[in-house]
Protein chains: 2
Amino acid sequence: MRWWGWGEDAHAMRLPEAAEARLREELGVQAGVGTRALSLEDVRLPDASLPDGLRERLAGVELREDREARVSHALGKSYPDLVRIRSGDGSSAPDAVVRPSSAEEIAEVLAACQETEVAVVPFGGGTSVVGGVEPLRDGFAGAVSLDLTRMDRILEVDRESLTASVDPGLFGPALEARLQARGLTLGHFPQSFEYSTAGGWVATRSAGQASTGYGRIDELVEGVRCIAPTGEVTARALPASAAGPALRELLVGSEGVLGVLCVLTLRVRPLPQERRYEGWSFQSFEQGCETFRRLEQEGVAPDVARLSDEQETRLTMTLSSSGSAAERAGRAYLRLRGHEGGCIVIVGFEGVPETVERRRREAARVLRSGGGLALGVRPGRAWLRNRFATPYLRDELLDRGVMIETLETAGTWSGLGALYEAVGGALRASLSARGTPPLVMCHVSHLYPSGASLYFTFMARQERDGAELDQWRAAKGAACDAIVSAGGTITHHHAVGRDHAPWMEAEVGERGLDLLRAAKHELDPRGIMNPGKLIPG
Amino acid sequence: MRWWGWGEDAHAMRLPEAAEARLREELGVQAGVGTRALSLEDVRLPDASLPDGLRERLAGVELREDREARVSHALGKSYPDLVRIRSGDGSSAPDAVVRPSSAEEIAEVLAACQETEVAVVPFGGGTSVVGGVEPLRDGFAGAVSLDLTRMDRILEVDRESLTASVDPGLFGPALEARLQARGLTLGHFPQSFEYSTAGGWVATRSAGQASTGYGRIDELVEGVRCIAPTGEVTARALPASAAGPALRELLVGSEGVLGVLCVLTLRVRPLPQERRYEGWSFQSFEQGCETFRRLEQEGVAPDVARLSDEQETRLTMTLSSSGSAAERAGRAYLRLRGHEGGCIVIVGFEGVPETVERRRREAARVLRSGGGLALGVRPGRAWLRNRFATPYLRDELLDRGVMIETLETAGTWSGLGALYEAVGGALRASLSARGTPPLVMCHVSHLYPSGASLYFTFMARQERDGAELDQWRAAKGAACDAIVSAGGTITHHHAVGRDHAPWMEAEVGERGLDLLRAAKHELDPRGIMNPGKLIPG
């Protein structure tokens, strides 16, 4: 993973020239104003200051203090993170990166850090976009990143019960490759799939692109072991239980503030024999939402269901435009059918061939009756090909002086339209007020019986000369305020981290926060675990 | 509800004479040894001792101190509860029964009780079979039952999001009748359905007979408000969220020890247009389990799926025997096909007609390929007719000197056979050692991708003259020890209450208990809420 941006050079996706020109024009960005990241050597790092004795106490555990390790664990991958690290701000780098190879070593690290008052930041793939892995050391003698990627085994597969127990540091591709070699799949494909880990997914309540069908990671976790400064809590892997509150649900989503999640028992499924992805078009976002609601509530929802609003559809077409004859014909067809300026939908079905075909047919009936126009398998294939690539575009856009950020929420079907308007409106108003009117786009990508997710992307001309973060804060704050006012959740799958913590009181209430604090105090009385995240204040 | 047993006189189910003779013979019970319950007037009650001032402080709240109210809130409906109350032991009766009509009145009661150190036992239908509603007043100045059945409204129905917000004291039949009048259903039908409440279901993580299809109550709760002595916690109704640990899951299943659950937002569904229930037979329990696993994992499980083992099948046939020609022909058919002494299965499908038919066909293919023999709709109809009636038989059997109790667990598919053997073996060994060899029966009634529930019923000649409870404790203890040793959960849907609390450390570990205690301390620092339940010690 590039320390200054997304992914690896070899896989990077380039911004097409036509799209670049179009964006410049719409956002009012001049050519040549962007900034490239400085070189690794130019990143400014604080002096490392591990307390006396800690290094010796951890003699048996791999510990890195080199520049590359510290810089690559200083921040996550949100827009403000990228702005900071590209400008050479490495002030949040940990004093060291500790890389345990076992649960015992994790316990050793926590004990030593508790004793020496050093903050511990659990770190998987480091793809947090909410400030979840940035070491905050206020009041501590130092901070270490606890990098879990040496713990990357599949520990056990129970074929009969269709579960797999895995280490926390296993990356998406390795996890899937090893399961698929046994004819199984987890079916969890967040956009960060290639660079995120199983432990990170569980710690943040991740949702994948196919979660409408396979279920969110919280629905796939059957058991989990948590190593905390005061000891261990294990939520045993059970199919169901009525033995009191579900403590598993206290550990899932705990974002490293209670302890380190380290044996994850996950539900797996037989590898699908067939995958069918196709495109549809709706004349309006509202019509698409209403049809998605029916798909879900009538029990015929696809495994992947994505609906882009008018703005996202237009931008997607611009970005993928090749100017080919086939593309022109496609546009002409949409125009002819009255779908010009409409909304694109991707639906995907996975499983055994006869079931895929039946489900596709049932869904098509609902899509058509809701006003949908079938576009065939081509848009589906294109989406599948590029499904993990869009984060690379952020780096491209930053190079060109464009601010780009995403945020997400979920709400009930009856409130979804108002939530959509509120968040979009807040982003447009807050950024326009700064003289940088944005492009705001949205898609629905996760369906539930009672509601759906909304995922927003916004772009604007980047303010410069130190105003970059103020600009972001203004937009982010306005959007978050709008979300809670309109009854949405502050996050559908990005988690809380540092960025959403100020809205947690609106999310769970004052007594809800007290409950979280009580749990933290029980497992981490000195507060060394990922301080400043999830729980405000 | 009869204070000394199940249900109402008008609906009571009688034990057929042939079955009675058969049971006497098998269990070695003599005729005429049973005991009838004493009369209400003969129940021995402790003097009511509400602290000074409490009655005045609660002047606005309905408060009952009469004999009938106190006796009917003294215990739940487990075997030891019935043994005690029938013998006139009302020692656990509350000092008073408080019946609030609003959330505000609940808060008032909690504040007054906290101040005067009076224990509060939330009470819905009082059908707990694990000692969940018995007032335990050790160390308190008194105890009141907080009867919630005056709060019985449907507060809001959101048709678009398919959710309903309801009061906690709404009984099953009223809830369903009001939803069904709007073309909706919750689809939650525990055996106690007629006498249990929505709040009780949520507080105990209830599972209903159709939960394989509709989902357990924990999967149907989207939001809940909890009134605790220190304030309120509200888990907002959201389709999904990644905003940290799911506090909703801390409130669901909290069994009254954290506070009083009082606004429940539940997922509802369109009322099914068609219901099809039918019977199948398997030659062995093992074959049936294996086929149920395939049904679930291949995604074609029915909404109701029940498999009785050989013993339960035999007893069900004995109990329902009419001696008719049709019955004889049925038995001859089973014999002819090699299914004599086999296992009966009930499967039920609900929904729109075409879907019901397709699902039935798909399930039939799997059932047949697993060795199942179709028995048509007659057994399905018979099961539907009597689905809530069996608890009445306990009273009949107690009248005749027969001990009868049920207990349940769940485990993974790969461990299910061993769990079944372990629990059955423990019940047989413990009761045989006392000279009362039991009949032990079991069924599977809830399917999950990774495992299933096991529901045991056991009967034995009742020991007398004060040894009734020792006999029960010996069997119950042996079964619970066997469950935890074999990796099952201590309860699949009966909850923890007083009876399972000693096994909670095995269930969630020492640090898990600490987390529960920390949550309780936060919401109920004086420990007035349902003391002695759920959390041991």
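The values are calculated or read from the model by the stated rules, or taken from the named source; none is laboratory data. Quantities reported herein were computed from a predicted structural model and do not represent experimental measurements. When we count neighbours, we look across all protein chains shown, and the Cβ atoms used for this are built from the backbone with ideal geometry, even at glycine. The accessibility values were calculated without ligands, DNA or RNA, using every heavy atom of the protein model including side chains. Shrake-Rupley method; radii C 1.70, N 1.55, O 1.52, S 1.80 Å.
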Point to revise | Alpha carbon centroid spacing (whole Å) that separates the stretch B:316-392 from the stretch B:142-160 | key: 38
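Defining a contact as two alpha carbons under 8 Å apart and six or more residues distant in sequence, what relative contact order in percent does the stretch A:438-528 show? Numbers along the way, then the final one.
Working: 58 pairs, mean separation 13.4, N = 91.
Averaging sequence separation for qualifying contacts and normalising by length gives 15 percent for the stretch A:438-528.
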Exercise for review: With only Lys, Arg, Asp and Glu charged, each at its Cβ (+1 for the first two, -1 for the last two), find how big the charge dipole of the stretch B:245-391 is about the Cα centre; round to the nearest 20 debye.
Suggested key: 520
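Express the relative contact order of chain A as a whole percentage, based on alpha carbon pairs under 8 Å and six or more residues apart in sequence. Provide the component values of the computation, followed by the final result.
Working: 1123 pairs, mean separation 91.0, N = 537.
The normalised contact order for chain A reaches 17 percent.
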Exercise for review: Between the alpha-carbon centers of the stretch A:206-225 and the stretch B:83-137, tell me the distance in whole angstrom.
Suggested key: 39
Check your understanding: Roughly what would the spin-label model give for B:Glu219 and A:Ala10, points 7 Å off Cα along C-beta, in nm?
Key -> 4.2
Review point. What ³J(HN,Hα) values, in whole Hz, does the Karplus curve 6.51 cos²θ - 1.76 cosθ + 1.60 give for the stretch B:81-93 when θ = phi - 60°, with x put for Gly and Pro?
Key: 4, 5, 4, 5, 6, 5, 7, x, 7, x, 4, 8, 4
Check your understanding: How much net charge surrounds B:Ala31 when only the other residues with a Cβ under 12 Å from the Cβ of B:Ala31 are counted, with Lys and Arg +1 and Asp and Glu -1?
Key -> -2
**Study point:** Area of A:Lys476 that stays accessible when all protein chains are in place (1.4 Å probe, Å², to 10)
**Key:** 10
Check your understanding: Can you give the accessible area of A:Glu115, probe radius 1.4 Å, in Å² rounded to 10?
Key -> 120
Practice item. Could you state how much accessible area B:Asp47 has, in square angstrom rounded to the nearest 10, with a 1.4 Å probe and all protein chains kept in place? Key: 130
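If the only charges are +1 at each Lys and Arg Cβ and -1 at each Asp and Glu Cβ, what is the size of the charge dipole of the stretch B:123-224 around the Cα centre, to the nearest 20 debye? Working shown, then result.
Numbers: 8 positive and 13 negative charges, 25 e Å.
It works out to roughly 120 debye.
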Point to revise | Karplus-derived HN-Hα couplings along the stretch A:446-459 (A = 6.51, B = -1.76, C = 1.60, θ = phi - 60°), whole Hz, x at Gly and Pro | key: 9, 9, 9, x, 9, x, 7, 8, 10, 10, 9, 10, 9, 10
Practice item. Pull up all non-local amide H partners of B:Gly299: gap of 5 or more, or a different chain, and H-to-H distance under 5 Å with H placed in the peptide plane. Key: none
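Within the stretch B:1-66, which trypsin sites (Lys or Arg not before Pro) sit in a loop by DSSP and count at most 13 neighbouring Cβ atoms inside 10 Å? Working shown, then result.
On the way: sites: B:Arg2, B:Arg14, B:Arg22, B:Arg24, B:Arg36, B:Arg44, B:Arg55, B:Arg57, B:Arg64; in loops: B:Arg2, B:Arg14, B:Arg36.
Sparse-neighbourhood loop trypsin sites (Lys or Arg not before Pro): B:Arg14, B:Arg36.
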Review point. Using only helices, what value at 222 nm comes out for chain A when you add -39,500 (n - 2.57) per DSSP H run of length 4 or more and divide by the total residues, to the nearest 500 deg cm²/dmol?
Key: -11000 deg cm²/dmol
Point to revise | Normalised contact order of the stretch B:191-291, rounded percent, pairs of Cα under 8 Å and 6 or more residues apart | key: 29
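Using a 1.4 Å probe on protein heavy atoms only, how many Å² of accessible area do A and B hide from each other, summed over both chains and rounded to 100? Provide the component values of the computation, followed by the final result.
Working: alone 21750 and 21770 Å², together 38050 Å².
Buried area (both sides, nearest 100 Å²): 5500 Å².
Give me the percent of the accessible area of the stretch A:195-314 that comes from carbon and sulfur atoms, probe 1.4 Å, all protein chains in place. Numbers along the way, then the final one.
Values: 1250 of 3020 Å².
Answer for the stretch A:195-314 is 41 percent, counting heavy atoms of protein chains only.
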Exercise for review: Using the charge dipole of chain A (Lys, Arg: +1 at Cβ; Asp, Glu: -1 at Cβ; taken about the Cα centre), state which of A:Val120, A:Cys289, A:Gly532 has its Cα farthest towards the positive end.
Suggested key: A:Cys289
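Taking the solvent-accessible surface of protein heavy atoms with a 1.4 Å probe, what is the per residue accessible area of chain A in Å²? Let's see the in-between values first.
Working: 19030 Å² over 537 residues.
Computed with neighbouring chains in place, this is 35 Å² per residue.
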**Study point:** Charge dipole magnitude, Cβ of K and R +1, D and E -1 - the protein assembly as shown, Cα centre, debye nearest 20
**Key:** 3500
**Study point:** For the stretch A:203-212, Karplus couplings with θ = phi - 60° (6.51, -1.76, 1.60), whole Hz, Gly/Pro x
**Key:** 5, 10, 6, 5, 10, x, 5, 9, 5, 4
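Stokes-Einstein D for the stretch A:1-108 at 10 °C, 1.306 mPa s, Kirkwood Rh over Cα pairs, in µm²/s?
In µm²/s, the coefficient rounds to 96.
On the accessible surface of the stretch B:10-124, probed at 1.4 Å, how many percent belong to carbon and sulfur atoms? Before the final figure, lay out the partial values.
Numbers: 2340 of 5100 Å².
Carbon and sulfur together cover 46 percent of it.
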Practice item. Quickly work out the A:Ser49-to-B:Asp42 label distance, labels modelled 7 Å from Cα along the C-beta direction, and quote it in nm with one decimal. Key: 8.1
Review point. Which shape class applies to the stretch B:343-426: rounded if a/c is under 1.5, otherwise prolate when a/b exceeds b/c and oblate if not, where a ≥ b ≥ c are the square roots of the Cα gyration tensor eigenvalues?
Key: oblate
